[in-house]
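Quick notes on the structure that follows.
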Amino acid sequence: MSDIKIRRTTKYSVKVISSDNSSSVVSKTDAEMDARAKQAVRSAIEKAKFCKKPVAHYDTVSKRTYVEYPNGEKRYVD
């Protein structure tokens, strides 16, 4: 069984489904849409790198956001 968590904000509630067993919960069309969205993000990041623009990343170890510049410099965002 997949792990489903519900996150609530002031206006919305969102179901967060772990990717382990998502095929039993998520429909085929939703899974296809997720795959296309991930590919669109990858393409946008590659395009930004090609155009020598800074790209934002998230460091899962330090749990901080940083911007990586074309010269390889990383600046953490406070």
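Throughout, read-outs are computed from the coordinates displayed, never taken from laboratory work. Predicted, not measured: the structure shown is a model, and the values here were computed from it. Note: ideal-geometry Cβ built from the backbone for every residue, glycine included; neighbour counts use all protein chains shown.
For the range 39-55, the set of residues classified as part of a helix (DSSP H, G or I) and out of contact with any strand residue (DSSP E or B) (no Cβ under 7 Å at 6 or more places or on another chain) consists of 39, 40, 41, 42, 43, 44, 46, 47, 50, listed by residue number. Residue 34 meets each of the listed conditions (1) part of a helix (DSSP H, G or I); (2) of a type outside the set (S, T, N, Q); (3) loosely packed, with under 12 Cβ neighbours inside 10 Å apart from (3). Screening residue 24 against (1) exposed (fewer than 12 other Cβ atoms within 10 Å of the Cβ); (2) free of Cβ contacts under 8 Å to residues at least 12 places away in the same chain leaves a single unmet condition, (2).
Applying a threshold of 7 Å to beta carbon distances and a minimum spacing of six or more residues, or different chains, the list of pairs starting in the range 28-52 at a residue that is among the β-branched types (Val, Ile, Thr) and ending at one that is surrounded by 12 or more Cβ atoms within 10 Å (Cβ to Cβ) reads 45/55. Take residue 58 and decide whether it is in a strand (DSSP E or B), within 13 Å of the chain's Cα centre (by Cα) and not polar (S, T, N, Q). Against the criterion (in a strand (DSSP E or B), within 13 Å of the chain's Cα centre (by Cα) and not polar (S, T, N, Q)), residue 58 qualifies.
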